[in-house]
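Enquirer: Shown below is the structure under consideration.
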Amino acid sequence: MNGIYTILLLIGSNIFMTLAWYGHLKLQQMNISNSWPLLGVIVFSWAIAFFEYSLQVPANKIGFTGNGGPFTLMQLKVIQEVISLVVFTVIAGVLFQGEQLHWNHAVAFLCLIAAVYFVFL
């Protein structure tokens, strides 16, 4: 169960991370944050990132073999990166509808799947 909890927490964490990193760009497209100073955008992103860390840290703690979890440190990192890119792709497709996937993106995802395979060998 620790592996499932870890992956679910990482998915939630990466949703918040993606919104923290790129959400302000959508707000700018919607003419909401155009007048915000850079410091305001940073504080906005930090406020969202708090929730990302609130999920990321427990995910790593629960999932790490040193704490009784099923994943090594390298496995946790590769899992997190794959989840991050999948979540980003979904959010970019929903929020930024002008962004499209191309063949090279599909090849990159296949390489990530290979990375997961090799890290679990």
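Each value in this text was obtained by applying a stated rule to the coordinates, not by laboratory testing. On a predicted model such as this, the values are computed, not experimentally measured, just so you know. FYI the Cβ positions are ideal-geometry reconstructions off the backbone, even for glycines, and counts take in every protein chain you see.
Enquirer: Tell me the angle of helix 2-29 to the major Cα principal axis of the chain, expressed in degrees between 0 and 90 and rounded to the nearest ten.
Expert: 20 degrees
Enquirer: For the chain, what's the relative contact order in percent, using C-alpha pairs closer than 8 Å and at least 6 residues apart?
Expert: 33 percent
Enquirer: Kindly rank 35-47, 67-79 from highest to lowest mean number of other beta carbons found within 10 Å of each residue.
Expert: 67-79, 35-47
Enquirer: Now for a separate question. Could you derive backbone 3J(HN,Hα) for region 109-121 from the dihedral phi with the Karplus parameters 6.51, -1.76 and 1.60 (θ = phi - 60°), listing whole Hz in sequence and x where the residue is Gly or Pro?
Expert: 5, 5, 5, 5, 4, 5, 4, 4, 4, 5, 6, 8, 5
Enquirer: Find the centroid of the Cα atoms in region 65-108 and in region 27-44, then give the distance between the two in whole Å.
Expert: 26 Å
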